[in-house]
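K.L.:
Have a look at the structure that comes next, please.
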Amino acid sequence: MRFRKVCSMFLSAVMLASSMSMAAAATPATVQDKLAMIEKDTYGVEQTGAITERINKLERDFNGAHRSGSMMARVDAIYHELYTNGSSPSTLAELNAIEWNIDHEVSMNPVEKRVADMEMSISGKTSEGTYDQRIKSLAKLSFGSETLPVEQVNVPANTLIKVALVDPVNAKNLKAGDIVRFKVAQDVIVSDHLVFAKGAPGEGKVQKVEQAKNFGRNAEVKIDFYKTKAIEGTDVETLLGAEAEKEMKNLAMAAGASLAGMVILGPIGIIGGAFVKGKNIDLPEGTEFYIQTKADTLLYGVATTAAE
């Protein structure tokens, strides 16, 4: 039973706390930082060489033409197209929608690999041209139109998101400040629109680590699961709050876990387990649990009637 992993490993052996939710990372302020972010999401790694040549490469790869203006203006234009959702969805939002429609999951790979993998999946070969052209072609092949069924929808605060650890959580190997990666484990559909797709990444930040000690003192790890990427490509503020706790308690009951050993502490809520005295916290990759959205958020979602 898939949910037994939640109950036996998450509820019965560990304390994972949601402290006050941190704000999502701010937009990079400098040309270098913004350029590095774009390159990592496009190619997988930050590129080397002169900044002007790196900008030229991105412009060629995305739309085949160089822009005029300052370096900041040119980088801002690429950044806007790739990440910003305004009157129309961003390039990443479109790419996520296409990938989900083809694979029923989004990947954590860079644009370069994702486009090539989808082309291979559909036609058995990669295509020539800019990323913009190739994404439009994939949209038409996948949805039957270059215009995708993507619309804005309000996602209420406390919307539950089932997630799974990408990085293992082991009290012996963690320290405060470490980043713990996770990913969405199940599609989240609001008002017939897919807003969080299976496979989408998220991050938590370790707030506190205490090792198991003699005389029965248990290990303790507190993690703030502060952001999860929506299908539109933006980071949404999330936390392990009361609704997530309630859902995990229900799953524990369904799986036969004893409520007598479960503890809820603090005004925000800390889920503890039937602690094994002195036992180290060791959660493997794939351990599943729930988090929730922090506030009402307007997001682009893929229109669908498939609520399974």
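The values are calculated or read from the model by the stated rules, or taken from the named source; none is laboratory data. Only a predicted model underlies this, so the values are computations on that prediction, with no experimental measurement involved. Cβ placement follows ideal geometry from the backbone for every residue including glycine, while neighbour counts extend to all protein chains displayed.
K.L.:
Could you tell me which of the residues Q186, Q152 is part of a loop (DSSP other than H, G, I, E, B) and under 21 Å from K294 (Cβ atoms)? Walk me through it before giving the result.
P.N.:
Numbers: Q152 fails: part of a loop (DSSP other than H, G, I, E, B).
Q186 is the lone residue from the list that is part of a loop (DSSP other than H, G, I, E, B) and under 21 Å from K294 (Cβ atoms).
K.L.:
Please work out which one of (1) of a type in the set (D, E); (2) within 15 Å of the chain's Cα centre (by Cα); (3) on the phi > 0 side of the Ramachandran plot is the condition D192 fails and give its number.
P.N.:
Tallying (1) of a type in the set (D, E); (2) within 15 Å of the chain's Cα centre (by Cα); (3) on the phi > 0 side of the Ramachandran plot, D192 fails exactly one: (2).
K.L.:
Okay, moving on. Could you give every pair whose Cβ atoms fall below 7 Å, whose first residue belongs to region 283-308 and is basic (K, R), and whose second residue is crowded, with 23+ Cβ neighbours inside 10 Å and at pLDDT below 90, counting only separations of at least 6 or pairs across chains?
P.N.:
none
K.L.:
Hey, another quick one. Could you go through region 241-248 and let me know if any residue there is at pLDDT 70 or above, of a type in the set (K, R) and touching a Leu at 6+ places or on another chain (Cβ under 8 Å).
P.N.:
No, region 241-248 contains no residue that is at pLDDT 70 or above, of a type in the set (K, R) and touching a Leu at 6+ places or on another chain (Cβ under 8 Å).
K.L.:
Same structure again: Being buried (at least 16 other Cβ atoms within 10 Å of the Cβ), at pLDDT 90 or above and out of contact with any Pro (no Cβ under 7 Å at 6 or more places or on another chain) narrows it down to one of I231, I270, I281, so name that one.
P.N.:
Matching residue, one of I231, I270, I281: I231.
K.L.:
Residues in region 189-228 that are buried (at least 18 other Cβ atoms within 10 Å of the Cβ), of a type in the set (D, E, K, R) and assigned to a loop (DSSP other than H, G, I, E, B): how many?
P.N.:
Adding up the residues that qualify gives 1.
K.L.:
Any idea which of T126, T147 is over 30 Å from M248 (Cα atoms), in contact with an Asp or Glu (Cβ under 7 Å, 6 or more places away or on another chain) and surrounded by fewer than 21 Cβ atoms within 10 Å (Cβ to Cβ)?
P.N.:
From the options T126, T147, the qualifying one is T126.
K.L.:
While we're here: Report yes if E105 is under 21 Å from G202 (Cα atoms) and outside any helix (DSSP H, G or I), otherwise no. First the steps, then the outcome.
P.N.:
Numbers: under 21 Å from G202 (Cα atoms): yes; outside any helix (DSSP H, G or I): yes.
Yes, satisfied.
K.L.:
If the requirement is being in a helix (DSSP H, G or I) and within 30 Å of V206 (Cβ to Cβ), which of these qualifies: K113, K175?
P.N.:
Testing whether each residue is in a helix (DSSP H, G or I) and within 30 Å of V206 (Cβ to Cβ) leaves just K113.
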